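Readers should treat all values here as calculations from the given coordinates under stated rules, not as data from a laboratory. None of these values were measured; they are calculated from a predicted model. Using ideal geometry, Cβ is built from the backbone for each residue, glycine included, and neighbour counts are taken over all protein chains shown.
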There are 2 protein chains.
Amino acid sequence: MLKKKQVTLSDIAARSGVAAMTVSRVVNGNGYVSEVTRKRVQEAVAEMNYRRNGLARNLKRQRTETVGLVLGDLSNPYSTELANAVRESLSARGYNLFICISEHSAKEDIAAFESLVDHNVDGIIVATRSNQDGDARLEAIANSNLPIVVVGRDFRNDSVDHVSADNFTGGFEATRHLIDLGHKRIAFIGAGFENRSSLKRLQGYLKALDMHGIVVDERLITGRRESTYDVPGYSTEKIGYEGMKRLLSLPNPPTAVFARNDFTAVGAMSAIKEAGLSIPKDIAIVGFDDTPLAIHTMPALTTVRQPMRLQGQIAAEMLLRRISNESVIDREERILDCELIVRESSVALVS
Amino acid sequence: MLKKKQVTLSDIAARSGVAAMTVSRVVNGNGYVSEVTRKRVQEAVAEMNYRRNGLARNLKRQRTETVGLVLGDLSNPYSTELANAVRESLSARGYNLFICISEHSAKEDIAAFESLVDHNVDGIIVATRSNQDGDARLEAIANSNLPIVVVGRDFRNDSVDHVSADNFTGGFEATRHLIDLGHKRIAFIGAGFENRSSLKRLQGYLKALDMHGIVVDERLITGRRESTYDVPGYSTEKIGYEGMKRLLSLPNPPTAVFARNDFTAVGAMSAIKEAGLSIPKDIAIVGFDDTPLAIHTMPALTTVRQPMRLQGQIAAEMLLRRISNESVIDREERILDCELIVRESSVALVS
DNA sequence: TGATATTAAGTTAACGTTAACTTATTTCAG
DNA sequence: CTGAAATAAGTTAACGTTAACTTAATATCA
């Protein structure tokens, strides 16, 4: 048995003895249709199991009321919160959301962009990590006047809005907190020193050390190279674990650790416990993101909260503003405050 | 300054002095085009920043090479792994993936379906929790011959394939493991007794108790009601925490707990530790899913691993099989084995 | 009561692309 | 050097929908 062919407006029109346009009016509930005709058409629609063809509809209407969101990965609660907030804000305005995942690969980034553009989404929110090829394609898309907003990453283009947390100040505060507690040997786990140009959290860490006259020891900055793209999301825990092991094997290990994110922190905590050391007595630790996990670790993790939902909401608003605007508008940029949440994993050194 | 209008094939054709069809051939790299013409067209394409209109293209071609995946939420690593596996399998066959999130709401489920159908995806993979209204719509879509595969949930339709983990046996094994260790008072956290008809893991738990002559104590089965849809994903931890508190306040608390999933288990562990009790000495605990978290809890969590990636791969294959098949094909169903991973959170009772 | 507004349709022509077909030129084996 | 095959285009007509326009009947009001 062969699959049935698609049922079209004209099929319904023929069956119910009206014009296609009338069926369209019934289906979309606009224009003038008499009660009798409406009933008749609706019956035909039900009988023939008609579904409108969105492609044709959107082609004709020149808009899809759909927005794309490109995420690097799904495993981070950050992505999750962001996606949910974006979805909610869009949903309230009648827009649908399609999410694409690029697994932090430039190739997949591009595939996601192409795919969304091919579906004529009305706009794209990009929350992947920056990479050269992907950025080039994004640039081209932006120049073809498709509304774009980037979240939590760099991208400079006159017609692309930008929202992110203040990762620099967050990293600064986290590190200063550890310094205030009396720590001098403070490690950074999650990225190497060579990534300092792109990683704001690391920059904040360096700035805090600098401001308090602490000389940077590059051996205390450890993590995978930023350019590695083939890492599944959750491996950040592994990076924390392995990074901490490396730090513990140093002749003069750190007394405090600022981890790039909570997962990395959790990994580091495992390594510390495994070495028979106590948190925060032997080693204090601060994470980043305030994932739901943070209150459940032992001890509860001090971390920097970034307003994830708010970023999503603002990104959605920015995009909708661009979508509904007929003329070219100025670039908008919003950097949102982070908040240090002090819990049990960081406490004053008894000196 | 007004936004530019879309550049079309004919614009390029006009500029480069050829027919629209020739431009199409150049853009898609098929058919015969001379080297000279190709160059000329490509220049025009670059100059005018042409992007093909996917809607028109897909409308004409009657396929989109895109598949939709509807997830209940993103917060569960289960969703993440599944999405990634699906994406990879599809990507290898040249298909794109759009992900929609329904936040476990029937309304959003339907919105996601509509939206995907409107974009004429070639097929849909559904991994949301079952609900009446959503299922009704799904039924209608299935009957209009759009290929559909459901993952990890119930749905009976002759043209809808099904893949899931063997949650029943998983729940059974987890519970039997605790029984084998000598436990008699074994609690279930994550759903109430009233959900036993829909929750396979709970059924497995009940079956194991029954087979070993242990009388079910309904007070030991605790969790939120399954019908509650307004719960953000990570709150499962809270459910575990609160459920455990309730259990600990019983006159005769359990000596072992089977948690519906690892997050619930983590929440329960917090409550146990907070009560000053020891895991596994006072209370043993088993989770489900073997999330990456499980090895990082203190003590490491015994849990049931379900083959998440495999489910995604199989779902993708099933769907592609339906998509590429011209005729109606038989329903396929795959139930995949789970594996009990014994770690430190469960150990023999000293009796 | 005539003029105007409202209601209820139908008609036409795109939206931007490509499958299918046609035409013209070039290539090359026999 | 013929003629079949390969190459290089162009032409036409959809894909399924809806905006914009037209027509006709009915309702409303000064």
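Before moving on, here are some points about what is shown:
- Across segment A:163-223, Cα-Cα distances exceeding 17 Å account for 31% of all pairs.
- Hz values of 3J(HN,Hα) by residue in segment A:107-115 - Karplus curve (6.51, -1.76, 1.60), Gly and Pro given as x: 4, 6, 3, 5, 4, 5, 4, 4, 4
- Value of [θ]222 nm, deg cm²/dmol, for chain A, DSSP H segments ≥ 4, -39500 (n - 2.57) each, nearest 500: -13500 deg cm²/dmol
- DSSP beta bridges confined to chain B are antiparallel in about 10 percent of cases.
- The H on the amide N of A:LEU336, modeled in the peptide plane, is under 5 Å from the matching H of A:SER164, A:ALA165, A:ASP166, each at least 5 residues off or on a different chain.
- Diffusion coefficient, µm² s⁻¹, Stokes-Einstein with Kirkwood Rh over alpha-carbon pairs of the protein assembly as shown at 20 °C and 1.002 mPa s: 78
- When its C-alpha radius of gyration is set against 2.2 N^0.38 Å (N residues), segment B:131-183 gives a value of 1.68.
- Fully extending the segment from B:GLU47 to B:GLU65 would add 3.6 nm, taking 0.36 nm per residue of separation and subtracting the current Cα-Cα distance.
- Fraction in percent of alpha-carbon pairs per bin - 10 Å, chain B: 5, 22, 25, 18, 13, 8, 6, 3, 0, 0
- Sorted from greatest to least, the principal axis extents spanned by the alpha carbons of segment B:229-351 come out as 63, 35, 25 Å.
- Semi-axis lengths, Å, segment A:13-89, gyration tensor of Cα atoms, sqrt of 5 times eigenvalues: 39, 13, 12
- Label point 7 Å beyond Cα along the C-beta direction, distances from A:ILE295 to other copies (nm, shortest first): 2.9
- Measuring against 28 Å, Cα to Cα, the residue pairs A:LYS273/B:LYS238; A:LYS245/B:LYS238; A:LYS273/B:LYS273; A:LYS107/A:LYS245 contain A:LYS245/B:LYS238; A:LYS107/A:LYS245 as the ones spanning a longer distance.
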